[in-house]
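Scroll down for the structure; my scribbles are underneath it.
Values in this text are rule-based calculations from the coordinates and carry no lab data. From a predicted model like this one, the values you see are computed outputs, not experimental measurements. Cβ sites come from the backbone with ideal geometry, for glycine too, and all protein chains shown count toward neighbours.
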Amino acid sequence: MDAISTRVGQATLYLVFAMMAILLLSSIARTVFNYPLLWAVESAQFTMSAYYMLGGAFSMLLHSHVRMDVFYGRWTTRKRGVMDSVTSLFLLFYLGVLLYGGISSTAYSIEYGQRNYSAWAPLMWPIKVIMVAGIALMLLQAVAMFFKDLAQALGKELS
């Protein structure tokens, strides 16, 4: 799972540049040519959504998520492993519920051809599929992290 998260995360990093290119094109079109692009802002939003949803598992792998370090930094490695194992269970529950809702919403979007309420009115299912894929990757990475944390709590080390 770590290898998949790394590959997807490294590929996802480039979506920030795609989003910046979309917004730059929109600014040039609006200011230089006086031709606003209806699709630009939503495309940038969809690109950003894909960026943070697909990059979530990689962020977990790198431990670059936010953690309150009031007590955590002073704890032993085993105590950190115990606490991370316990909190991982809550994360797994949350991601499971999120995945269930995401699949349901995506199925609805595909079945009824759901479109966004805007002048451009893009189909919603492509971004919803990407979001469900990102949630699934995060869920699988969370399972992998749980077992690493559990091993750490038991005084063993998994790479």
Go through 43-50, 105-112 and give me the packing order, highest mean Cβ count within 10 Å leading. 43-50, 105-112
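Counting only Cα atoms, I'd like the Rg/Rh figure for the chain, Kirkwood definition for Rh. Display every interim value, and only then the final one.
Numbers: Rg = 19.6 Å, Rh = 17.9 Å.
Rg divided by Rh gives 1.09.
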At most 14 other Cβ atoms within 10 Å plus a DSSP loop assignment makes a site exposed; report the longest stretch of the chain without any exposed trypsin sites (Lys or Arg not before Pro). 68-155
Toward the positive end of the charge dipole of region 2-153, about the Cα centre and with charges on Cβ (Lys, Arg +1; Asp, Glu -1), which of Ser5, Phe146, Ile127 goes farthest? Phe146
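Can you work out the FRET efficiency for the pair Met68 and Val97, with r the C-beta to C-beta distance and R0 = 25 Å, to the nearest 0.05? Before the final figure, lay out the partial values.
On the way: r = 23 Å, r/R0 = 0.92.
Once rounded, the FRET efficiency stands at 0.65.
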Using a Förster radius of 22 Å, what is the FRET efficiency between Leu13 and Thr76 based on their Cβ-Cβ separation? Nearest 0.05, please. 0.05
For the chain, what is the relative contact order in percent, using Cα pairs closer than 8 Å and at least 6 residues apart in sequence? 31
On C-alpha positions alone, give me the angle between the axis of helix 40-54 and the longest principal axis of the chain, in degrees, nearest 10. 20
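Could you give the size of the charge dipole of the chain about its Cα centre, using +1 on the Cβ of each K and R and -1 on the Cβ of each D and E, expressed in debye and rounded to the nearest 20? Show your work: numbers first, answer last.
Working: 11 positive and 7 negative charges, 61 e Å.
Dipole size: approximately 300 debye.
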Net lengthening on full extension, Asn116/Ala29 (0.36 nm per residue, minus Cα-Cα): 29.0 nm
